[in-house]
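> Here it is, the structure in full.
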Amino acid sequence: MLRIFVVLILFNSSDLLSNNKGIHGFFDATKNKNYDLAVKIAESQEHLKLKNHLSLLVNLLMEKDAISNHEVNLEIGLDTELNFIKYLILGYQSTFKDKQNNLEAFKNFSKAIKIADELKEIKLIRAAHIAMLDLFAGEIFIGSKQYEPYLDRFMNIKEDQTDEALIIFYKLIFSSKGIDNIDAQYYSNYKKLDSIFQDFSTTHAFYPVYYYEKGMFYKIEEDFNKAEDFFMKADSLLGDSNHVRHFRNKIAWQLAYVYLQKGQNEESKRYLNLSKKYSDRLREQFYENRLASFIHYDEDKFDSAYHYLRKSVDIEYELGYKNNTLESSILTVQNQTDKLKLDKLELETSNVKIRNWAIFLGTLLILGSLIGILIHKNTKRKQLLAEQEKTLQQQKVSNLLKEQELATIDAMVEGQEKERQRVANELHDDLGSLMAAVKLQFNSLEASDKKENLETFAKTESLIDEAYGKIRAIAHAKNSGLIAKQGLLQAVKQMAEKVSIASGLNILVHDHGLDNRLENSIELMLFRIIQELITNAIKHAEATEMNIHITNHGETLNILVEDNGKGMLVNAIQADSSGMGLKSIDKRINHLHGTMDVESELGKGTVIILDIPI
């Protein structure tokens, strides 16, 4: 049975090898896009599997559609040449799927190249490289030179004018798809195009491609009249075969774009609809929706423009253009290959280590036991030292926390004492002098006549009202109980409202994102800081308007306080170490691990910006 099996394998292989001439003719036909001849060659094959696989391959190249009615088993077998064709089929199927799988296409075309190299069949090597270069040419953008090894190899094995034309086509495509701009090589390659096609018949299948590339050149040069002429020529040379509909789709789209640039929007729409008629894949719908967006935008139909732009973006994400590029696919394959090499190296290294240990195990047994005892003792000693170090560290941390707690209490007591001193100064300086004036006014009543008494009474009443207002303002400013009940924002708003009534300083509070409460101690300290800034504006800035912006950015809280007062010299104020001025506020902000910026000019007011992490 084994001998019969081997004989059958040899018979099948020799049967395929005897069809080399037919296979070579098949790939010459597909290279020249002579698909009718390729179909005839496929149908003429006596080997049933070869016939079915060649028929499926030519159908893929004509229809550019992964869906096929051919029932073909694509499992890899023992027939090398048949496997070569299978890998080409699998690669083109991955390329022509609605959602391209560039990684699978690259893998399968790479395997086809490997088999062709093993067979040393130039025709097959050339066909596999054309497949790989077509895959690269289908990319939207080309940001690297990963296509170059395949293009260089193809240039080395070229044999006729068709290969020359293909090479110049590939060079034009690759040099025009740079991410940043058009490659300088593009113009050099374009100059060679006309000379190559002097010897081509106008009936050759490449002639529409030739005119299409000339149209692309003038489109890039923004000579849209010439671009229109060449795209029209390309379209006129296409026959009525179904396999040219994808090329018609490309030409119609380019004409729609050209007419848009020429300002002929109705013609642009007509050719865009024609492009849609020939499209049946998501990739083509992506381009059509994007161009429709441009047309509607040019007509100031912004809702429609956004609608089509949104559709094109959705298709872009569905196709995975951001992550499914050929460059990323190649990097994935390279990473997998490198990982396999590394795993193999690690396995070999591991085997060497095991062998060495087996050789020296007996000799090192006693020495290993002694070393084990020493290591055990050393480990115990290190554990003891580690525990002692841990205890000392815990004591240091405990002492540090106690010192910080004491420092916090001292700072709190010092702050409360300064606050009391400030209130005493306010009462002494403002209310003391005011009440003295009241006393003098009443004393003057005894020395005045009746008419003067009326004026004196009026002035006295005004002074008493002023004193009452200041007492209420100080009382409200000292009240922090509202913070615990309603939070920072409400406390600042109510303080601003009351201070505005009492002092004549118009204060507006703006908040953004303060939906949740902060920690009570933070809210209290921020309230005191804002309170201090308002007091400074009343006492020193002579401001009439103040804006307070409180914004929650998620991880930080931003407070911006600006007034229209007389301004100040920031450096001079910061250098002053007395009182509860900016330096005191800066210390509080530093305590909260925040930052404070002061911007001020004389006569132009002051802006203070606080950023506190929350």
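> Which residue is modelled with the lowest pLDDT, if the candidates are limited to region 191-208 and must be open to solvent by 20 Å² or more (accessible area, probe 1.4 Å) and assigned to a helix (DSSP H, G or I)?
Checking each candidate, the answer is Asp199.
> Quick check on this structure: which one of Ile483, Ile471, Ile501, Ile538 is modelled with pLDDT under 80, β-branched (Val, Ile, Thr), out of contact with any strand residue (DSSP E or B) (no Cβ under 8 Å at 6 or more places or on another chain) and open to solvent by 60 Å² or more (accessible area, probe 1.4 Å)?
Ile471
> Still on this structure, I have one more. Scan region 542-553 for residues that are part of a loop (DSSP other than H, G, I, E, B) and in contact with a helix residue (DSSP H, G or I) (Cβ under 8 Å, 6 or more places away or on another chain) and report the count.
1
> Being open to solvent by 50 Å² or more (accessible area, probe 1.4 Å), part of a helix (DSSP H, G or I) and of a type in the set (D, E, K, R) is the filter here; which residues of region 114-125 pass it?
Lys114, Asp117, Glu118
> It is to be established whether one or more residues within region 295-315 are under 24 Å from Glu63 (Cα atoms), surrounded by 18 or more Cβ atoms within 10 Å (Cβ to Cβ) and aliphatic (A, V, I, L, M).
Yes, the conditions are met somewhere in region 295-315.
> Still on this structure: Please note which helices (runs of 4 or more DSSP H) are completely contained in region 30-113 and include at least 3 residues that are surrounded by fewer than 22 Cβ atoms within 10 Å (Cβ to Cβ) and modelled with pLDDT under 90.
48-63, 80-96
> I want to confirm something. Restricting to region 159-178 and keeping residues that are polar (S, T, N, Q) and open to solvent by less than 20 Å² (accessible area, probe 1.4 Å), which single residue is nearest to Gly138 (Cα to Cα)?
Among those residues, the one meeting the criterion is Ser175.
> Taking region 499-541 on its own, how many of its residues are part of a helix (DSSP H, G or I) and of a type outside the set (D, E, K, R)?
23
> Looking at Leu347, Leu331 in this structure, which one is within 30 Å of Leu103 (Cβ to Cβ), modelled with pLDDT under 85 and open to solvent by less than 90 Å² (accessible area, probe 1.4 Å)?
On inspection, the qualifying residue turns out to be Leu331.
> Given the condition closer than 11 Å to Ile608 by Cβ, in contact with a Leu (Cβ under 9 Å, 6 or more places away or on another chain) and either without any contact (Cβ under 8 Å) to a residue 12 or more places away in the chain or assigned to a helix (DSSP H, G or I) (or both), answer yes or no: does some residue in region 554-570 qualify?
Within region 554-570, one or more residues are closer than 11 Å to Ile608 by Cβ, in contact with a Leu (Cβ under 9 Å, 6 or more places away or on another chain) and either without any contact (Cβ under 8 Å) to a residue 12 or more places away in the chain or assigned to a helix (DSSP H, G or I) (or both).
The values are calculated or read from the model by the stated rules, or taken from the named source; none is laboratory data. Model, not experiment: these values are computed from the prediction. Cβ: placed from backbone, ideal geometry, glycine included. Neighbour counts: every protein chain shown. When the accessible area is computed, the model is the full protein with side chains, heavy atoms only, and any ligands, DNA or RNA have been set aside. Shrake-Rupley method; radii C 1.70, N 1.55, O 1.52, S 1.80 Å.
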